[in-house]
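**Q** One structure is given below, represented as structure tokens, and several questions about it will come after.
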């Protein structure tokens, strides 16, 4: 029998399964809990906006982040999200899986 708690844990595992989603969550936590949009994340993480938007939607579906605000910008709507990951094991996993700084190719 699966409980609501088990479902939430499973969703969080899904959310953290992809390295880019872990980078997104780390960036949100490094921002001091402040709200970030996919556009801001794409600039910080140097990833295409379309890729970031997809992974932000997965994180939102898994309830690892929540939509906190929207803002009209040049004919479209910018969405702002905040991480709601609070499980100690998940926060330790995010910290432990932090990638070392990128160095030049050899």
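**Q** Report the residue count in segment 23-40 for those that are at pLDDT 90 or above and over 16 Å from residue 63 (Cβ atoms).
**A** Residues of segment 23-40 that are at pLDDT 90 or above, as a first pass: 23-28, 35-40.
Pick out the ones that are also over 16 Å from residue 63 (Cβ atoms) and you get 23, 26-27, 35-40.
Matching residues across segment 23-40 total 9.
**Q** Return yes or no: is residue 70 at pLDDT 95 or above and surrounded by fewer than 16 Cβ atoms within 10 Å (Cβ to Cβ)?
**A** Numbers: at pLDDT 95 or above: yes; surrounded by fewer than 16 Cβ atoms within 10 Å (Cβ to Cβ): yes.
When the stated conditions are applied, residue 70 passes them.
**Q** Can you confirm whether segment 55-69 contains a residue that is out of contact with any helix residue (DSSP H, G or I) (no Cβ under 9 Å at 6 or more places or on another chain) and in a loop (DSSP other than H, G, I, E, B)?
**A** For segment 55-69, residues out of contact with any helix residue (DSSP H, G or I) (no Cβ under 9 Å at 6 or more places or on another chain) and in a loop (DSSP other than H, G, I, E, B): absent.
**Q** For residues that are in contact (Cβ under 8 Å) with a residue 12 or more places away in the chain, surrounded by fewer than 19 Cβ atoms within 10 Å (Cβ to Cβ) and not in a loop (DSSP other than H, G, I, E, B), tally how many sit in segment 23-43. Lay out the reasoning, then the answer.
**A** Step one: of segment 23-43, the residues in contact (Cβ under 8 Å) with a residue 12 or more places away in the chain are 23-29, 33-39, 41.
With surrounded by fewer than 19 Cβ atoms within 10 Å (Cβ to Cβ) added as a condition, the list becomes 26-27, 29, 33-35, 39.
Within this subset, residues satisfying the condition of being not in a loop (DSSP other than H, G, I, E, B) are 26-27, 29, 39.
Summing the residues that are in contact (Cβ under 8 Å) with a residue 12 or more places away in the chain, surrounded by fewer than 19 Cβ atoms within 10 Å (Cβ to Cβ) and not in a loop (DSSP other than H, G, I, E, B) in segment 23-43 gives 4.
**Q** Moving on. Mind checking which residues of segment 44-60 are surrounded by 12 or more Cβ atoms within 10 Å (Cβ to Cβ) and either in contact (Cβ under 8 Å) with a residue 12 or more places away in the chain or under 13 Å from residue 23 (Cβ atoms) (or both)? Steps first, answer last, please.
**A** Just the residues of segment 44-60 that are surrounded by 12 or more Cβ atoms within 10 Å (Cβ to Cβ), to begin with: 44-45, 47, 49, 51-60.
Hits for segment 44-60 are 44, 45, 47, 51, 52, 53, 55, 56, 58, 59, 60.
The values are calculated or read from the model by the stated rules, or taken from the named source; none is laboratory data. This structure is a prediction, so every number in the text was calculated from the model and none was measured. Neighbour counts are summed over all protein chains in view; Cβ atoms, including those assigned to glycine, are modelled from backbone coordinates with ideal geometry.
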